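The values are calculated or read from the model by the stated rules, or taken from the named source; none is laboratory data. None of the values given here were measured: they were computed from a predicted structure. All Cβ positions, glycine included, derive from the backbone under ideal geometry; neighbour counts span all protein chains shown. Protein only, heavy atoms only, side chains kept; ligands, DNA and RNA dropped before computing areas. Shrake-Rupley method; radii C 1.70, N 1.55, O 1.52, S 1.80 Å.
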Amino acid sequence: MANQNSAETHSFQTEVQQLLHLIIHSLYTKKEIFLRELISNSSDALDRLRFATLTDDTLVEDEEELRIRVSYNEKEKTVTVSDNGLGMSHDEVIENIGTIARSGTRRFMDSLSSDESNDSQLIGQFGVGFYSVFLVAKKVVLITRQAGSDPASGVRWISEGTGEYSVENITRPERGTEIVIHLKSEEKEYLDAFRLQNIISTYSDHISLPIQMLQKAKGEDGSEDDAAEPEWTAINSGSPLWTRPKKEVTDEQYQRFYSNLTYDNESPLITLHNRVEGKLDYVSLLFVPSKAPFDLWDRERRHGVSLYVRRIFIMDDTKHLMPSYLRFVRGVVDAADLPLNVSREFLQNNRDIDRIRNTLVKKILAELKRTANKAPDQYANLWKEFGKVLKEGVVEDHENKSSLAELLRFSTTKSEGGDQTVSLADYIKRMPLNQKAIYYITADSPGAARSSPHLEIFEKNNVEVLLLSDPVDEWMVNGLGEYEDKPLKSVARGELDLDELKADVADSSEDKELDTSVLDGLLEKMAESLGDRVKAVRASRRLTDSPACLVADENDMGANLERILQSMGQAAPERKPIMEINPNHPLIKQLSPEHAQLGDWAAVLFDQAALAEGAPLPEPSAYVRRVNDLLTRATLLGG
Ligand code: ADP
Ligand code: MG
């Protein structure tokens, strides 16, 4: 081997250095989790080997069973974790251990709080588990060889967790990875069989492969036989929780399984453990967390529902088992009848998988509904965490649209403090008999929605309006279309048929309205001077307090959707708003088609209407100049 014995020294990627610094200097609690992280990596490597050998049997080099071993050496002050899994090549070591390929690290750093025990939990979530070894290590020696490769292509990686690490080629007869941890002087507690076993049974009992430690055979009375040679003995129970009958599993066991799976210390809001027998045999153990994970909006997110076939791990985060709008659901599905060598392509067009997914989705939606009915407060919390994601389902999942519609919650013009607690059923229940549509307004913030001039006539007539301010809402209302035969209607689109709304509020200002011919002339002149900026100018039936507002034509895209598309870098189709003016407003009343500054007035009213919607002005300085000009004139006149 050309590189034999020539160790190269590399620097860690900057992010890794920062992370290491942080791990060593800021995370003090629960250092024991390093063992869980290394065992979890070994377990992954064994799972991946097992999966790879299904299609490539040259990877199986010997008859030895797949296992993880943990040992310690008091004299050397080392703890060693090894596995006969897939191992790593030279380049993979550098790639996987020297850099952080995923974007999670930056956010891990950003999300750190002063709550250290919480932070050390986060380490695993962010996929930076290996480095937790430096919580206890002053030096780490990792040796590894990829399964199926030449014994001469082994690799030794050494680091003290500071800025650098060294890598060299070695000869290693065994495949797989061995990690020797040289403990810091204050971490000697891990040189103890009982302590190590304890950590393993706390954090790693659910691992289905044997985790072995050296033990002397036990005599009849249960004590160790001193004369016997120690043997590798499995110390985990090795039967995954989901395979056990529901009534034999305690809440605490579910909780521990969940927190091992998700690194979430809080209890899940919902735990669903089901065995389905029949045409298709499978077990599912699913959880709805009580908090949204940090990466809920990360496109490369890896967490979700994992697929097992007869207890053998097949695949992580199988999108085929859970639609994207339920991506916050975590857990496992273990199917009895699928072939072991399933590929992603196989999953894509597999009817059994489709059937499993459909059943799981229905189960989850039913459980969410049950929670909403039985425990509205709990559901309100769930909605706060996952509502935005669930809304995507209305667009994506036609089959379950009506179940999803029942799960939606809104804040409305009649709910307090922006609380999203009103369901469509509530809305319909309390709407006046003659109201035919469900009204909503979209804006880019709850505040902008709440204070929009479009709501004036609805307020006046005591008609409730849903306040929507999530980007997904634009698609959601389109996807939904109607609920219980009541169409969803934007208050900012098309002409309003307000007769249905006019309850008992008499139009008190009718007598003083502008003369029709003056009004028509005014509208025409304003349209003329605004030119390209508007589709039309018309008299409004929506406004009571504001002088003007902008509305979309019945079939045009709304202004809010347009802004959303633009913010995503997408070209929105050319769209011009209609400006509506309030003929009863004092400002409008002092105008006439002959007014000398009509052009300025039209432009200012237009810009104000845009501002009231939260839209940016294309030329703010022109707006300011015009307003100042008009103010100056008014002051001169008044003074
Ligand atoms: P994660 O496990 O979330 O990917 P880690 O920091 O724990 O993050 O590990 C980084 C990577 O190093 C793993 O994804 C894997 O590719 C590699 N690795 C770590 N330990 C082992 C091992 N025992 N065998 C093979 N590869 C490993
Ligand atoms: Mg890991």
(message) Given the criteria within 18 Å of A634 (Cβ to Cβ) and surrounded by 14 or more Cβ atoms within 10 Å (Cβ to Cβ), does L591 qualify?
(response) yes
(message) Going residue by residue through region 218-225, is there one that turns out to be closer than 30 Å to Y258 by Cα, assigned to a strand (DSSP E or B) and not basic (K, R)?
(response) no
(request) Specify which of the listed residues (Y325, Y379) is assigned to a helix (DSSP H, G or I), open to solvent by less than 10 Å² (accessible area, probe 1.4 Å) and touching a residue at least 60 places away in the same chain (Cβ under 8 Å). (result) Y325
(request) Go through region 151-173 and give me each residue that's acidic (D, E) and modelled with pLDDT under 95. (result) E160, E164
(request) Identify all residues within region 37-63 that are more than 10 Å from ligand 1 (Cβ to nearest atom) and within 19 Å of I179 (Cβ to Cβ); write none if there are none. (result) D47
(message) Given the criterion touching a His at 6+ places or on another chain (Cβ under 9 Å), under 20 Å from W297 (Cβ atoms), among the acidic types (D, E) and loosely packed, with under 15 Cβ neighbours inside 10 Å, identify the matching residue among D316, D354.
(response) D316
(request) Inspect all residues belonging to region 489-498 and state whether any of them is among the β-branched types (V, I, T), touching a residue at least 12 places away in the same chain (Cβ under 8 Å) and outside any loop (DSSP other than H, G, I, E, B). (result) no
(request) Return the residue satisfying two criteria in turn: it lies in region 174-193 and is of a type in the set (D, E, K, R) and within 13 Å of ligand 1 (Cβ to nearest atom), and of such residues it is modelled with the highest pLDDT. (result) E178
(request) Could you grab me the full set of residues in region 252-279 that are open to solvent by 20 Å² or more (accessible area, probe 1.4 Å) and hydrophobic (A, V, I, L, M, F, W, C)? (result) L261, L269, L272, V276
(request) Give me a count of the residues in region 602-626 that are part of a helix (DSSP H, G or I), of a type outside the set (S, T, N, Q) and free of Cβ contacts under 8 Å to residues at least 40 places away in the same chain. (result) 9
(request) Could you grab the pairs with beta carbons closer than 9 Å, sequence gap of 6+ or different chains, first residue in region 541-564 and free of Cβ contacts under 8 Å to residues at least 40 places away in the same chain and assigned by TED's automatic domain parsing to the domain that holds L455, second one among the acidic types (D, E) and not in a loop (DSSP other than H, G, I, E, B)? (result) M557/E474
(request) Could you list, in sequence order, all residues of region 14-59 that are in a loop (DSSP other than H, G, I, E, B) and surrounded by 15 or more Cβ atoms within 10 Å (Cβ to Cβ)? (result) L27, K30, K31, E32, L54
(request) Scan region 250-258 and give yes if some residue there is of a type in the set (V, I, T) and in contact (Cβ under 8 Å) with a residue 12 or more places away in the chain, otherwise no. (result) no
